[in-house]
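**Student:** Mind looking over this structure? Questions follow.
The values are calculated or read from the model by the stated rules, or taken from the named source; none is laboratory data. All figures in this text were calculated on a predicted structure; none of them were measured in a lab. Positions of Cβ are generated from backbone atoms using ideal geometry, with glycine treated the same way; all protein chains shown enter the neighbour counts. Heads up: the accessible areas ignore ligands, DNA and RNA and are worked out on the full protein's heavy atoms, side chains in. Shrake-Rupley method; radii C 1.70, N 1.55, O 1.52, S 1.80 Å.
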Amino acid sequence: MAFDIDVLRVKKGDNVDLSSVDTRGTPEWDGDDKDEGKAALPALNERLETLQELLYAQGTERLLVVIQAMDAGGKDGTVRHVFEGVNPTGVRVASFKRPTEAELAHDYLWRVHSQVPGDGEITIFNRSHYEDVLVVRVAELVPEDRWERRFDHIVNFEEMLVDEGTTIIKIFLHISKDEQKERLQERLDRPEKNWKFEEGDLGPRAQWDEYQKAFEDVLERTSTDDAPWYIVPADRKWYRNIAVSEIVIQTLERLDMSFPPPEEGLDKIVIPD
Ligand code: ATP
Ligand code: MG
């Protein structure tokens, strides 16, 4: 049975209530268990590898994948697993950290626009301009009348990118507060994960509900037909990997790409000894 990614998509006008979305859910997955879920990934990786090669060879389409989540939501792991095996030429990850002084001296889209994909490229945004209506809002880094207007800017900015030839998909990895606790604890307990632990992450955790509300506003107000959000239940990593793979693969398939026509006379060419 086909995995219908539309089930995860936020439609225009939807009321988003994240507390009613089961973070351990596995919508559209009809396999039996975790082992089967894990076993399904390599075939998806291969399909994505083929599609990315086609995108690169054709050289006219651009794909932007935006990933947002609470801390320890699995952004890095998603990128690692979903894009495993894909030729790194033509795929780039842009990670958006706390803005530098130079970035803060410009409008918030300045650093973002320079990272969007060019022809034949896939760019993954690990965090994005959405931080400017999430952390910036909850941590009150700018006054409300300023971040409030950013929803419109963002919708318009993305519409411009789409009009000019970029395909956009936006993914919210939805984890529960309990799952975050487990993952943060693991960063404390496992020496090889210690480097990922930041005491600063406990701040947003303490403001969990405010962040969920901010995410709900983002999902409701910026999911458009052209640049849709998908809510991916992400407590189960194997399901998250399958769902995100399906979203990326099916979006690329819809582009109906083909290899560029070969140069004329290829059939007459003889490679000299
Ligand atoms: P991990 O989940 O593996 O820890 P990460 O995405 O959290 O990875 P970090 O370097 O730990 O990466 O954190 C980036 C930090 O930068 C986050 O706390 C995020 O909220 C913050 N940040 C990103 N964009 C902005 C912004 N525009 N304004 C303020 N803070 C921002
Ligand atoms: Mg972090």
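A quick yes/no check of all residues on (1) closer than 27 Å to Arg146 by Cα; (2) of a type in the set (S, T, N, Q):
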residue	(1), (2)
Ile67	yes, no
Asp76	no, no
Val79	no, no
Ala94	yes, no
Leu104	yes, no
Asp107	yes, no
Gln115	yes, yes
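**Student:** Further question on the same structure: Can you tell me which residues in the stretch 112-164 are open to solvent by 20 Å² or more (accessible area, probe 1.4 Å), within 16 Å of ligand 2 (Cβ to nearest atom) and either in a loop (DSSP other than H, G, I, E, B) or under 30 Å from Ala57 (Cβ atoms) (or both)?
**Tutor:** Selection gives Arg127, Ala139.
**Student:** Please determine whether any residue of the stretch 68-80 is surrounded by 19 or more Cβ atoms within 10 Å (Cβ to Cβ) and more than 13 Å from ligand 1 (Cβ to nearest atom).
**Tutor:** In the first step, residues of the stretch 68-80 are kept if they are surrounded by 19 or more Cβ atoms within 10 Å (Cβ to Cβ); the result is 68-75, 78.
Subset that is more than 13 Å from ligand 1 (Cβ to nearest atom): none.
Checked the stretch 68-80: no residue is surrounded by 19 or more Cβ atoms within 10 Å (Cβ to Cβ) and more than 13 Å from ligand 1 (Cβ to nearest atom).
**Student:** Of these, Glu84, Glu36, Glu101, which one is open to solvent by 20 Å² or more (accessible area, probe 1.4 Å) and touching a residue at least 12 places away in the same chain (Cβ under 8 Å)? Step through it out loud before you land on a result.
**Tutor:** On the way: Glu36 fails: touching a residue at least 12 places away in the same chain (Cβ under 8 Å); Glu101 fails: touching a residue at least 12 places away in the same chain (Cβ under 8 Å).
Going through Glu84, Glu36, Glu101 in turn, just one is open to solvent by 20 Å² or more (accessible area, probe 1.4 Å) and touching a residue at least 12 places away in the same chain (Cβ under 8 Å): Glu84.
**Student:** Which one is nearest to the chain's Cα centre (by Cα), of the residues in the stretch 110-138 that are farther than 28 Å from Asp209 by Cβ and among the aliphatic types (A, V, I, L, M)? Show your work before the answer.
**Tutor:** Of all residues in the stretch 110-138, those farther than 28 Å from Asp209 by Cβ come to 110-111, 113-124.
Filter once more, keeping what is among the aliphatic types (A, V, I, L, M): 116, 122, 124.
Working: Val116: 13, Ile122: 11, Ile124: 6 Å.
Step by step, filter the stretch 110-138, then rank; the result is Ile124.
**Student:** Among helices (runs of 4 or more DSSP H) lying entirely in the stretch 193-256, which contain 2 or more residues that are away from ligand 2 (no atom under 16 Å from the Cβ) and in contact with a Leu (Cβ under 7 Å, 6 or more places away or on another chain)? Give the derivation first.
**Tutor:** Numbers: elements: 202-206, 208-222, 237-254.
Per the criteria, 208-222, 237-254.
**Student:** For Leu173, which of the numbered conditions (1) surrounded by 15 or more Cβ atoms within 10 Å (Cβ to Cβ); (2) under 30 Å from Leu255 (Cα atoms); (3) away from ligand 1 (no atom under 13 Å from the Cβ) fails to hold?
**Tutor:** Of everything listed in (1) surrounded by 15 or more Cβ atoms within 10 Å (Cβ to Cβ); (2) under 30 Å from Leu255 (Cα atoms); (3) away from ligand 1 (no atom under 13 Å from the Cβ), Leu173 misses just condition (3).
**Student:** Val244: open to solvent by less than 10 Å² (accessible area, probe 1.4 Å) and either free of Cβ contacts under 8 Å to residues at least 24 places away in the same chain or under 11 Å from Phe172 (Cα atoms) (or both), yes or no?
**Tutor:** Working: open to solvent by less than 10 Å² (accessible area, probe 1.4 Å): yes; either free of Cβ contacts under 8 Å to residues at least 24 places away in the same chain or under 11 Å from Phe172 (Cα atoms) (or both): yes.
Against the criterion (open to solvent by less than 10 Å² (accessible area, probe 1.4 Å) and either free of Cβ contacts under 8 Å to residues at least 24 places away in the same chain or under 11 Å from Phe172 (Cα atoms) (or both)), Val244 qualifies.
**Student:** Can you confirm whether Thr60 is under 25 Å from Glu182 (Cβ atoms), among the β-branched types (Val, Ile, Thr) and more than 16 Å from ligand 2 (Cβ to nearest atom)? Break it down stepwise before answering.
**Tutor:** Numbers: under 25 Å from Glu182 (Cβ atoms): no; among the β-branched types (Val, Ile, Thr): yes; more than 16 Å from ligand 2 (Cβ to nearest atom): yes.
Spelling it out, it is not the case that Thr60 is under 25 Å from Glu182 (Cβ atoms), among the β-branched types (Val, Ile, Thr) and more than 16 Å from ligand 2 (Cβ to nearest atom).
**Student:** Would you mind telling me which numbered condition in (1) in contact with a Phe, Trp or Tyr (Cβ under 7 Å, 6 or more places away or on another chain); (2) modelled with pLDDT of 95 or more Tyr108 fails?
**Tutor:** (1)
**Student:** Any residue at all in the stretch 195-202 that's surrounded by 15 or more Cβ atoms within 10 Å (Cβ to Cβ), in contact (Cβ under 8 Å) with a residue 40 or more places away in the chain and away from ligand 1 (no atom under 14 Å from the Cβ)?
**Tutor:** Within the stretch 195-202 (the criterion being surrounded by 15 or more Cβ atoms within 10 Å (Cβ to Cβ), in contact (Cβ under 8 Å) with a residue 40 or more places away in the chain and away from ligand 1 (no atom under 14 Å from the Cβ)), the answer is no, since none of the residues qualifies.
**Student:** Can I ask one more? Looking at Arg183, is it within 15 Å of ligand 2 (Cβ to nearest atom), open to solvent by 40 Å² or more (accessible area, probe 1.4 Å), in contact (Cβ under 8 Å) with a residue 24 or more places away in the chain and assigned to a helix (DSSP H, G or I)?
**Tutor:** Details: within 15 Å of ligand 2 (Cβ to nearest atom): yes; open to solvent by 40 Å² or more (accessible area, probe 1.4 Å): no; in contact (Cβ under 8 Å) with a residue 24 or more places away in the chain: yes; assigned to a helix (DSSP H, G or I): yes.
It is false that Arg183 is within 15 Å of ligand 2 (Cβ to nearest atom), open to solvent by 40 Å² or more (accessible area, probe 1.4 Å), in contact (Cβ under 8 Å) with a residue 24 or more places away in the chain and assigned to a helix (DSSP H, G or I).
**Student:** Among Val66, Val79, Val86, which is the only one that is out of contact with any Lys or Arg (no Cβ under 8 Å at 6 or more places or on another chain) and either under 18 Å from Ile171 (Cα atoms) or in a helix (DSSP H, G or I) (or both)?
**Tutor:** Numbers: Val66 fails: out of contact with any Lys or Arg (no Cβ under 8 Å at 6 or more places or on another chain); Val86 fails: either under 18 Å from Ile171 (Cα atoms) or in a helix (DSSP H, G or I) (or both).
Just one listed residue meets the conditions, Val79.
**Student:** Among the residues of the stretch 247-273, write down those that are hydroxyl-bearing (Ser, Thr, Tyr) and surrounded by 17 or more Cβ atoms within 10 Å (Cβ to Cβ).
**Tutor:** The initial filter retains those residues of the stretch 247-273 that are hydroxyl-bearing (Ser, Thr, Tyr), namely 251, 258.
Correct list: Thr251 only.
**Student:** Which residues, taken from the stretch 94-109, are over 26 Å from Glu220 (Cβ atoms) and more than 16 Å from ligand 2 (Cβ to nearest atom)?
**Tutor:** Across the stretch 94-109, the qualifying residues are Thr100, Glu101, Ala102, Glu103, Leu104, Ala105, His106.
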